[in-house]
Amino acid sequence: MRGAIVGDIVGSVYEARPYRIKTKEFPLFVKQSRFTDDTVTTVAVADALIEAYKEKKGLSMPLREKLRYWCQKYPDAGYGPCFKEWFQAEAAKPYGSYGNGAAMRVSPVAWVGRSLHEVQYLAELTAVVTHDTQEAITGAVAVASAIYLARTKNNKESIRSYIQQYYYPMEQTLDLIRPGYQFTSRTQESVPQGIEAFLESESVEDSIRNAISLGGDSDTQAAIAASIAEAYYGGIPQAVWQGAWQRLTPELKEVLITFERIFK
C-alpha cells in the first residue's frame, strides 16, 4: 500500500503535458508533487478493509461508503468524470468502466488476503463496486495477484509466468514499449505496462522510474509498479517514503497507520 502512495505522488507531476517524459532521469519529488485519486481511493479501500475486519462483516457495503466518503472529502484529486459522478450520487451503481481505476486502488487487499484465492476474491469485490467490466476486474485481480506473489517470496520469473498464464501476454520490454507509448487510462493498455515496470526493476525507486519513463498514465502506472515492488523488495526505503509521507494529510496518515497495525 505504501508503494501505491509513493508511486502516485512521484508520478503526479509527470502525467500531464508538457511534463510527460521518456527518461528515467528526473527528481522523485518536487514542490508540485502531491497525492491524487490513486492515493485517495487506495486509502478508501484500506479503510473499508479495516471496518470489515473490526465489524466482522462483508466488504462491499463498507467499500461503497468509504469510497464515497474519502472522495467527497478530497473532490479535486483528479478523478475521471464518470467516477466523480459515481461518488457524488446518492444511489451509486457500477458504470461499466474499462479504466484502470480498480487496478490503481487494489493494493491493500494483497496484504489482507491469507491465500492467493482470497486475495483475488477481495480484488474482484473492490473492482465491481464501480468498474464492473471484465477488463477492469482482470486488471485489479492481476495487480493484487502480483503483489501477493511478491510478498510470498516468489521470484520475478514465477510472477511473470503467472501473469502471462492467466492475465496478459507480457511480450514487450519497456524499451520496446516506451518510444511509441502514449497516455491511456484503459486497463488492458496500461496495467500490463505497469507490471512490466516492476518486472524490469532493480529496486522500488527503479520500478517508479521505469513506469514514469513510459510517458503514459504516470501516477497510476507508478502506483502499480511500486505496490508490487514494495512487496518484492521488502518495503519502501525510508528516504523515499518520507518524501511521500510529508505530503499526506493527518487523516490519510491515520488510516495507513491503523491498517498497518492490524494487517502487517
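Since every read-out is calculated from the coordinates, none of them should be taken as a lab result. Note that this is a predicted model, so its numbers are computed, not measured. As a convention, Cβ positions derive from the backbone with ideal geometry for all residues, glycine included, and neighbour counts pool all protein chains shown.
Within 12 Å, Cβ to Cβ, of Glu171, how many net charges do the neighbouring residues add up to if Lys/Arg are +1 and Asp/Glu are -1?
0
Given the pairs Lys24/Lys156; Lys84/Lys153; Lys31/Lys253; Lys54/Lys93; Lys22/Lys264; Lys57/Lys253, which span a C-alpha to C-alpha distance of over 28 angstrom in this model?
From Lys24/Lys156; Lys84/Lys153; Lys31/Lys253; Lys54/Lys93; Lys22/Lys264; Lys57/Lys253, over 28 Å: Lys84/Lys153; Lys22/Lys264.
What is the gain in length, in nm to one decimal, between Ile257 and Gln172 on full extension, counting 0.36 nm per residue of separation less the C-alpha to C-alpha distance?
Taking 0.36 nm per residue and subtracting the Cα distance, the gain is 26.8 nm.
Using Cβ counts within 10 Å as a stand-in for footprinting exposure, how do His131, His117 rank, fewest first?
Details: His131 28, His117 10.
Going from least to most buried by this count: His117, His131.
Based only on other Cβ atoms within 10 Å, what is the fewest-to-most ordering of Met170, Met104?
Met170, Met104
If each residue of separation counts as 0.36 nm, what is the full-extension length gain between Glu90 and Gln238 once their alpha-carbon separation is subtracted?
Full extension of this stretch gives 49.2 nm more.
Return the distance in nm (one decimal) between the two label points of a simple spin-label model at Lys153 and Lys31, each offset 7 Å from Cα along Cα→Cβ.
4.8
Based on the Cβ-Cβ distance from Gln182 to Cys82, what FRET efficiency comes out when R0 is 25 Å, to the nearest 0.05?
Efficiency, rounded to the nearest 0.05: 0.75.
Looking at the chain as a GNM with Cα springs under 10 Å, which of Ile50, Ile177, Ile228 has the largest mean-square fluctuation?
Comparing Ile50, Ile177, Ile228 in the GNM, the peak value goes to Ile177.
Going by how many other Cβ atoms sit within 10 Å of their own, how do Thr39, Thr133 line up, fewest first?
Thr133, Thr39
Along the charge dipole of the chain, which of Gly180, Ala226, Pro237 sits closest to the positive end, that is, farthest toward it, with unit charges on the beta carbon of Lys, Arg, Asp and Glu (+1, +1, -1, -1)?
Pro237
What does the range 1-145 give for Rg and for Dmax, in Å, if only its C-alpha atoms count?
Looking at the range 1-145, its Cα Rg and Dmax stand at 15.3, 48 Å.
Whole angstrom only: what separates the Cα centroid of the range 168-235 from the Cα centroid of the range 21-43?
Each part reduced to its Cα centre gives a spacing of 14 Å.
Ranked highest first by the average count of other Cβ atoms within 10 Å around their residues, in what order do 105-116, 212-223 fall?
212-223, 105-116
Of all GluC sites (Glu not before Pro) in the range 55-143, which ones are in loop regions per DSSP and have a Cβ with at most 15 other Cβ atoms within 10 Å?
Sites meeting the loop and neighbour criteria: Glu90.
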